[in-house]
Amino acid sequence: MAQFLAIAVLILLTFLVVGALIAATSLVRAFVLKTMWAWFIVPIFGLPPLGVAAALGVALTIQTFVPSPTPDDDDDDNAKKKTKTRKLVLRIVLTPVMTLLLGWVVHQFM
């Protein structure tokens, strides 16, 4: 019974951590979209700025239609799967940050 309880707690904690990471990356993507919108879309097209909630809605809508990167399941080696998963997580986290950095550089020339 104790082993079952420990496994249940571990599964619950895993879902909580993954859910928190999904929420955090979604908010970061919304912030990046809001900022890029304010830097480029508002001055060029004269559209109103987006708030974080609106940017989150737009980002989630776009995410629905754009396929997400997934690790290949071809490898049977557990170490290779872990490495691919780490690379995938890094890509998911670093892409919005690098986009914001590149956008900031371009914004400096406007």
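Restricting attention to the stretch 32-63, the residues that are polar (S, T, N, Q) and at pLDDT 85 or above add up to 2. Taking each residue of the stretch 1-12 that is in contact (Cβ under 8 Å) with a residue 24 or more places away in the chain and looking for partners that are loosely packed, with under 10 Cβ neighbours inside 10 Å and not in a helix (DSSP H, G or I) with beta-carbon atoms closer than 7 Å, six or more apart or interchain, yields nothing. When residues in the stretch 64-110 are screened for being of a type in the set (G, A, S) and modelled with pLDDT of 80 or more, 1 of them pass.
Here L90, L12 are screened, and the one residue that is surrounded by 10 or more Cβ atoms within 10 Å (Cβ to Cβ) and within 16 Å of the chain's Cα centre (by Cα) is L90. Of the residues making up the stretch 26-50, those that are touching a helix residue (DSSP H, G or I) at 6+ places or on another chain (Cβ under 6 Å) and either surrounded by 11 or more Cβ atoms within 10 Å (Cβ to Cβ) or touching a residue at least 12 places away in the same chain (Cβ under 8 Å) (or both) are V28, R29, A30, V32, L33, K34, M36, W39, P49, L50.
The values are calculated or read from the model by the stated rules, or taken from the named source; none is laboratory data. All of these numbers come straight from a predicted model, not from anything done at the bench. Note that we place each Cβ from the backbone using ideal geometry, even for glycine, and neighbour counts take in every protein chain shown.
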